[in-house]
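Quick note: the coordinates plus some simple rules give every number you see, no bench work behind them. Only a predicted model underlies this, so the values are computations on that prediction, with no experimental measurement involved. Cβ: placed from backbone, ideal geometry, glycine included. Neighbour counts: every protein chain shown.
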Amino acid sequence: MAKVPKPSELELQHVLPKTDWMDTPAVFRPGNFSYPGKAKNLKVLGLANPREWSPMDEDWKLPADWKNIILEGLRERLDKYRTLKVFMDICVRCGACADKCHYYLGSGDPKNMPVLRAELLRSVYRKEFTLAGKIMGKMVGARDLTEDVIKEWFMYFFQCTECRRCSLFCPYGIDTAEFTIIGRELLNLIGCNIDWIAGPAANCYQTGNHLGIQPHAFKDMIDFFVDEIEAVNGIRVEPTFNRKGAEFLFVTPSGDVFADPGTYTLMGYLMLFHEIGLDYTWSTYASEGGNFGFFTSHEMMKRLNSKMYAEAKRLGVKSIIGGECGHMWRVINQYMDTVNGPADFMEVPKSPITGTRFDNAASTKMIHIVEFTADLIKNGKLKLDASRNDNLVMTYHDSCNTARGMGFFDEPRYVLNNVCNNFYEMPPNTIREQTFCCGSGSGLNNDEFMEMRMRGGLPRANAVRHVHEKFGVNALSCICAIDRAALPTLMNYWVPDVTVYGLHELVGNALVMEGETERTTDLRGEPLPGMEDNENEDI
Amino acid sequence: MAIEHHLKKHREEISQKWFDLLACTYPQQTVRLFKKESDPFANPVGQTFKAAIGEILDEFLGENRAEALAPLLDKVIRVRAVQSFSPSEALGFIFGLKKLVEEILEEELAEGEMEMGDLREFEGKVEAMGLLAFDVYTRCRESLFEIKITEMKSNTRRLLERAQLIIGE
């Protein structure tokens with residue numbers, strides 16, 4: 001007869017291993033990783049080592065000389081990017097960044113501390129590129145590059161959203177997102193990447209947008225919104241496509257075209273441009289503002305960014321207006337001028353309605369629609385009825401890329417305060433430059449990664465819950481397409497009574513258009529405040 | 001029941017130790033953060049746990065109504081349901097309360113201020129809370145799967161809607 005265990009032997013040990021981080025290997029299980037890049041997508045992009053594999057496999061089918069590829073890749077980047085070289089050596093491990101990462105706060109996993117995430121790469125750098133590391137090894141935090149290290153990189157560099165909140169607190173200004181960016185770039189050299197990045201990047205490269213929607217379908221979708229707007233207020237807007245000689249090219253993330261609630265934001269753009277009579281065109285080729293190349297490599301970012309400018313040149317527009325997007329703006333604001341600029345075939349953007357010249361975009365020639373709209377409002381060019389949004393008690397989520405990536409804090413709030421009457425801020429250490437990421441940025445917004453995203457978004461949701469409980473906030477606005485896709489899901493799990501809105505959806509609701517019929521519903525077809533009875537009568 | 005009276009007397013100690021027990025299921029560096037940082041936005045998990053543990057305890061030692069206890073348990077379990085815990089690890093802290101209380105009441109038990117039977121009855125209540133926690137955990141995981149489906153639908157709804165319109169024409 002089998003030995004019956006004693007009660008003490010049955011006791012569960014609910015304590016995680018106390019091994020040193022270097023001795024704690026990454027363990028992959030369904031739900032804690034994103035699916036790897038499909039071979040067909042890697043081939044389209046010309047990326048290394050296309051193959052079928054899974055992070056749960058023992059053998060990752062790395063190239064035979066993978067170690068050499070990584071070390072040479074690192075050597076090349078240390079020479080190329082001075083920031084990387086400096087960041088490798090200057091960290092004093094003060095810990096200021098340690099508890100600032102949303103993924104760390106939500107998971108409690110120390111390898112999500114920015115300092116430790118950087119150590120994943122630094123430890124290899126020390127071993128291979130510094131004398132102290134070569135001689136003293138682990139004593140000075142150096143370690144050999146092994147397949148386990150690659151697996152650990154894959155797990156943790158694809159568990160960072162490159163939001164850069166940590167960099168804000170570093171006394172040396174170390175940007176840990178750069179470690180993630182370089183780490184992912186190195187992983188790409190040996191074919192370790194995720195399909196939620198490789199797929200959209202491949203589609204964008206081939207067809208012009210992340211979903212791979214072809215020109216006729218793209219136009220068809222926008223025509224569909226034209227009908228929807230007409231049903232709301234009787235106005236038929238008339239967007240044009242690929243029109244040469246237009247004053248502006250308008251580029252927005254394709255998420256606005258296909259995914260709710262971004263679609264309502266897109267209706268807001270269409271209505272605004274119609275109302276002010278803007279001479280602009282859509283492009284069915286540069287039909288994507290997002291840039292998943294940015295999450296792959298600098299080279300891929302450059303490649304995908306360039307199509308927007310190539311299209312602007314082909315169409316002969318004066319300048320570009322960009323929609324509500326996150327990382328598109330980070331790329332434009334921080335990289336475009338270096339990688340593809342200056343865009344000297346265009347003119348410094350100037351509002352044809354107000355005459356304002358946007359010198360902040362003197363080199364990139366591309367302005368954010370929110371600054372364009374804020375300028376229209378400031379100059380009294382829009383008739384707005386904020387009471388149409390009176391059913392919403394609003395708060396605002398600063399998207400990481402527009403907030404920390406381009407210092408864009410006040411323009412969205414200015415617009416919001418003009419189109420809504422009820423607005424409450426979340427606590428100061430969760431907004432503006434200290435904003436918490438949605439948890440799904442930098443290509444992690446995939447469904448197989450759901451529980452990780454819920455962890456990563458926990459600090460943001462926690463702040464939303466606070467204003468929900470304190471002020472009755474029921475609406476969360478944002479100016480990023482990833483946010484519009486990720487935050488509704490995040491709210492569903494953590495604060496189900498809060499709905500997510502793009503800023504220009506609210507503008508579209510409040511905009512009083514010339515010749516419009518009386519509105520009874522908002523852009524979602526929901527009754528406007530005070531019109532609930534009309535709705536019932538219709539039924 | 002006599003034991004409730006004694007437990008309420010030790011409420012602060014129980015609450016503190018129960019929180020410690022919960023926090024100690026995380027790596028050492030994280031335990032420090034959970035315990036030390038008092039700003040609920042700089043330490044959302046630690047502070048949520050701290051507040052919820054107190055609330056759970058008050059309800060549990062008070063009226064102990066399942067409908068009031070479930071949303072309080074949800075505050076802790078919703079977090080642990082998306083972290084790297086197996087279901088048993090996520091809910092182990094509930095059962096840890098038994099041993100913890102027995103240790104705290106050791107003296108009073110020895111001095112005969114209460115019967116062992118009282119303690120056993122209390123342990124039965126903890127087990128009932130454990131079962132309730134199991135329901136809450138399952139609901140959290142179910143909602144995770146539901147929102148996954150909702151998200152996939154909303155990502156493609158427009159395309160499908162459009163496609164159906166075309167077919168319908």
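Checked across the range B:119-140, the condition of being within 10 Å of chain A (Cβ to nearest Cβ) and either in contact (Cβ under 8 Å) with a residue 24 or more places away in the chain or of a type in the set (Phe, Trp, Tyr) (or both) holds for at least one residue. Of everything listed in (1) under 21 Å from residue A:204 (Cβ atoms); (2) in contact with an Asp or Glu (Cβ under 8 Å, 6 or more places away or on another chain); (3) outside any loop (DSSP other than H, G, I, E, B), the single unmet condition for residue A:333 is (2). Quick check: is even one residue across the range B:87-95 touching a residue at least 60 places away in the same chain (Cβ under 8 Å), charged (D, E, K, R), within 9 Å of chain A (Cβ to nearest Cβ) and in contact with a helix residue (DSSP H, G or I) (Cβ under 6 Å, 6 or more places away or on another chain)? Within the range B:87-95, not a single residue is touching a residue at least 60 places away in the same chain (Cβ under 8 Å), charged (D, E, K, R), within 9 Å of chain A (Cβ to nearest Cβ) and in contact with a helix residue (DSSP H, G or I) (Cβ under 6 Å, 6 or more places away or on another chain). In the range A:241-278, the qualifying residues are those that are hydroxyl-bearing (Ser, Thr, Tyr) and closer than 16 Å to residue A:229 by Cα, and the one that is surrounded by the most Cβ atoms within 10 Å (Cβ to Cβ) is A:265.
Against the test of being surrounded by fewer than 21 Cβ atoms within 10 Å (Cβ to Cβ), within 13 Å of another protein chain (Cβ to nearest Cβ) and not aliphatic (A, V, I, L, M), the options A:474, A:462, A:446 yield a single qualifying residue, A:446.
Checking the structure you have, find out if any residue of the range A:514-526 is closer than 24 Å to residue A:386 by Cα and not in a loop (DSSP other than H, G, I, E, B). So far as the range A:514-526 goes, yes, one or more of its residues are closer than 24 Å to residue A:386 by Cα and not in a loop (DSSP other than H, G, I, E, B). Name the residue that is nearest to the chain's Cα centre (by Cα), counting only residues in the range A:350-385 that are more than 18 Å from residue A:317 (Cβ to Cβ) and in contact (Cβ under 8 Å) with a residue 60 or more places away in the chain. Among residues in the range A:350-385 that are more than 18 Å from residue A:317 (Cβ to Cβ) and in contact (Cβ under 8 Å) with a residue 60 or more places away in the chain, the one nearest to the chain's Cα centre (by Cα) is A:370. Pairs meeting the criteria (first residue in the range A:209-226 and facing chain B (nearest Cβ under 10 Å), second residue surrounded by fewer than 22 Cβ atoms within 10 Å (Cβ to Cβ) and among the acidic types (Asp, Glu), beta carbons under 9 Å, at least 6 apart or on different chains) are A:224/B:161. Taking (1) without any contact (Cβ under 8 Å) to a residue 12 or more places away in the chain; (2) under 28 Å from residue B:77 (Cβ atoms); (3) more than 11 Å from every other protein chain (Cβ to nearest Cβ); (4) of a type in the set (A, V, I, L, M, F, W, C) in turn, residue B:110 satisfies each apart from (2). Restricting attention to the range A:119-142, the residues that are surrounded by 21 or more Cβ atoms within 10 Å (Cβ to Cβ) and either among the β-branched types (Val, Ile, Thr) or not in a helix (DSSP H, G or I) (or both) total 2. Considering the range B:15-30, and only residues there that are under 17 Å from the mean Cα position of the chain (by Cα) and surrounded by fewer than 21 Cβ atoms within 10 Å (Cβ to Cβ), the residue that is nearest to the other protein chains (Cβ to nearest Cβ) turns out to be B:24. Here residue A:161 meets the list (1) assigned to a helix (DSSP H, G or I); (2) among the β-branched types (Val, Ile, Thr); (3) crowded, with 23+ Cβ neighbours inside 10 Å almost entirely, failing just condition (1).
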